[in-house]
Amino acid sequence: MATADLDRRARFESVVDVVYEPLQRYLGRRADAADVSEVLNDSLLVIWRRLEHVPSDDPLPWCYSVAKHCLANHRRSAQRRLQLVGRVAAQPGMSEGVVRHPADGGDHDTLELALLELDEPDRELIRLWAWEQLAPREIAIVLDTTPNAVSLRLKRAKDKIISSMDRQNSAFAGQEGFGHGREHRP
Amino acid sequence: MNDELREQLGRLDPMHPGVPVESAATPSSRTRLEQIMNTPLLDQPTTDPTSDQPGAIPVATRTTAEARRRRNWIVLGGAAAAAIAAIGSAVIIGDFGGGGANQVASGPPLELSLGDSNVMSSCIMFDVAILADMSPAFAGTATSVEGSSVTLTVDRWYTGGDADTVVLQGSSGTPALIDGFEFVVGQQYLVTAADGIVNFCGYSGPATPELTAAFDAAFPG
């Protein structure tokens, strides 16, 4: 094997060391389990073919962006297949990840409901920040925008979550108070 | 507030660090990675390191000036381009301007112009290496054609966007054309644009096997 080939393989392996597991988590948060392996494969193939463009200092956001687009293309293909066989169904949007509905009985109903109240772009922003633990400049790479825009949108999204939780808690406290009043009524 | 909120959100993470994922060192991972590393590499132009990003990768890193520079030597649409396409190719000229960078919003339909049919334009020879420098680039199926406006449902993004729908807007009062062809509902098209204006001269058109092969070569992966 030529030296250049060996170098390329070594470089790919070094990128894989960094991104292999995070990419599985990223996809696991946004895709059905059955699709994760296939989209991971697609993503790794793109990374292999475009290895020259993978940032050497911080490859992960770039690779998340690859996965994002591979997932979007995967979903489009799947949706088109469904349409072709006349089974048009409401499929999750490209960036829609797993957010359980509060009715599922999670322990964090208030926060979950607040998340569900966000629109999908804001929710994706929150996921990248809280779950992928990315900084605004890294999120900007994934979403193909500017760090400033990310910072502003992120702050607004967090404010919406806090407001929603406050509102839910106030409503809950009001109901509690009302209930107590009735219990102690003679 | 930040740390506390992040921590609370972390508890909702379906793939939190406690959920096992496959290591790159397992036999099945090694098989997967070996298969990928044995995949033949396609020839790719390397003149612009941001050009052949996967999907919409950092289009934002391109400057408007860069986008405009590319636009200068590509093509313009409408009747002029149709005429030029009919007689072959030539050399390009002229700054057609165009506003805004070729960035694409997520979610809402992307709007692209089919150009001004009254503007003169010229073509350069079709080259996959030049095609690979185009962003956005996508395959889409026409779902409606209304006068000068065409709506495409995106089948595949090659680069530069993630919208599900793209609206192509031609000159008011004239039928929408793509490289001289009228749009047909149900027909698939391959489209590139720069500065928000669709490129012609073979860089966009009905999805013939030849053009599809060129797009696949230009945008591997």
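The values are calculated or read from the model by the stated rules, or taken from the named source; none is laboratory data. Values in this document were obtained by computation on a predicted structure and should not be read as measured data. So basically every Cβ, Gly included, is an ideal-geometry build from the backbone, and we count neighbours across all protein chains shown. Quick note on the areas: whole protein, heavy atoms, side chains included, nothing else; ligands and nucleic acids left out. Shrake-Rupley method; radii C 1.70, N 1.55, O 1.52, S 1.80 Å.
Things to note:
- The set of residues from segment A:130-144 being touching a residue at least 24 places away in the same chain (Cβ under 8 Å) and more than 8 Å from chain B (Cβ to nearest Cβ) comprises A:GLU132, A:LEU134, A:GLU138, A:ILE139, A:VAL142.
- Selection from segment B:146-160 of residues that are at the interface with chain A (Cβ under 9 Å from one of its Cβ atoms) and assigned to a loop (DSSP other than H, G, I, E, B): B:GLY160
- Selected residue [within 9 Å of another protein chain (Cβ to nearest Cβ) and without any contact (Cβ under 8 Å) to a residue 24 or more places away in the chain] from A:ARG8, A:ARG29, A:ARG50: A:ARG50
- Any hit, segment B:205-216, residues being more than 25 Å from B:PRO40 (Cβ to Cβ), of a type in the set (S, T, N, Q) and in a loop (DSSP other than H, G, I, E, B): no
- Filter result (assigned to a loop (DSSP other than H, G, I, E, B) and under 13 Å from B:LEU112 (Cβ atoms)) within segment B:132-145: B:MET134, B:SER135, B:PRO136
- Hits in segment A:119-129 (condition: open to solvent by less than 10 Å² (accessible area, probe 1.4 Å) and more than 10 Å from chain B (Cβ to nearest Cβ)): A:LEU125, A:LEU128
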